[in-house]
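The values are calculated or read from the model by the stated rules, or taken from the named source; none is laboratory data. Being a predicted model, the structure only gives us computed values, none of them experimental. Neighbour counts run over all protein chains shown; Cβ positions are idealised from the backbone, glycine included. Ligands, DNA and RNA are excluded from the accessible area calculation, which covers all protein heavy atoms including side chains. Shrake-Rupley method; radii C 1.70, N 1.55, O 1.52, S 1.80 Å.
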Amino acid sequence: MQQSYTPTHTAANGQVLVIDHDRYLTGNSEKRLQETLPGERVIVEQGDVQSFDDASHVFLLIESLTSETTDWIDDVLERTGEAKVLLVTVGRPSSSLIPYLSNHLSGLLSLHSFYTYGKTIISTVDEFGCYLEQGMHDDLVRHLHEQKLRDRPIKRLVLRQEDVQYQLTKNERAVLQHILDGHNNRKIAELMYLAPSTVSTVISHLLKKLGANDRTDAMVRIIRNGWVDAMR
């Protein structure tokens, strides 16, 4: 489906193309977009777009983030050429989308921001090359910091106690941390002032709760669950 509007002038001599991936917009929503961008030639598409030749700004609107959606975003970014592409989410953009800013994406914003600051957003992108949703700047700083740390060796894996405090007992959490530190059962018993048989029992209960086959499997599972911080 396509709906177009006739402007008095165009943004950067081209269309403002809005691709509604999840068919979220209604007729009133499309009208509101035009009111947000007065004087621009706004095209709203629902579905796949084959050509971006006439577009100066492309807004990709998604309602939810799925593997299918990310594949679609990757495909569009490869085909948009010189157009400035911004990703619009119905809610607040997820920080997991920040890496796209290094892959031809010129901005991340919510639909609310688009409705409220649409004209300013286009001007900001034209002048500075990028627009980031207000409130996501801390997310960007954190992402850049994590990227900087990736080249540093990991000194220690630390269990996020708050994430497992209701699933695991105090002893199970302590034993799990010692396992992350690379200690065997005898050393764990010494550090915790417990009998080796007690440590073996705690580990047995721990593996059962985690659905793990052995100590190595347990570590893999808690890392995948995001229950571990890497200290560098």
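Results, tabulated for the structure shown:
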{"quantity": "Residue 187 paired with residue 216, simple spin-label distance in nm, labels 7 Å along Cα-to-beta-carbon", "calculated": "1.7 nm"}
{"quantity": "Shape call, the chain: gyration tensor on alpha carbons, a/c limit 1.5", "calculated": "prolate"}
{"quantity": "Tensor-based shape of the stretch 6-93 (alpha-carbon gyration tensor, a/c under 1.5 rounded, otherwise prolate or oblate)", "calculated": "oblate"}
{"quantity": "Under-26-angstrom lysine pairs by C-alpha in the chain, whenever the two are 8 or more apart or on separate chains", "calculated": "10"}
{"quantity": "On Cα atoms only, tilt of 111-128 relative to the major axis of the chain in degrees", "calculated": "80 degrees"}
{"quantity": "Added length on full extension, which subtracts the Cα-Cα distance from 0.36 nm per residue, residue 32 to residue 195", "calculated": "51.7 nm"}
{"quantity": "Only Lys, Arg (+1) and Asp, Glu (-1) charged, at Cβ; the chain dipole about Cα centre in debye", "calculated": "1560 debye"}
{"quantity": "For residue 228, residues with placed amide H under 5 Å, excluding near neighbours", "calculated": "160"}
{"quantity": "Net +/- balance of residues flanking residue 55 in space, Cβ distance below 13 Å, scoring K and R +1, D and E -1", "calculated": "-2"}
{"quantity": "Accessible area (Å², 1.4 Å probe, nearest 10) - residue 71", "calculated": "100 Å²"}
{"quantity": "Part-to-part distance (alpha-carbon centres) for the stretch 92-133 and the stretch 152-186, which is given in Å", "calculated": "39 Å"}
{"quantity": "Solvent-accessible area per residue, Å², over the chain with all protein chains present [probe radius 1.4 Å]", "calculated": "56 Å²"}
{"quantity": "Full-extension gain in nm, residue 95 to residue 224, via 0.36 nm per residue minus C-alpha separation", "calculated": "44.6 nm"}
{"quantity": "Net lengthening on full extension, residue 103/residue 128 (0.36 nm per residue, minus Cα-Cα)", "calculated": "7.4 nm"}
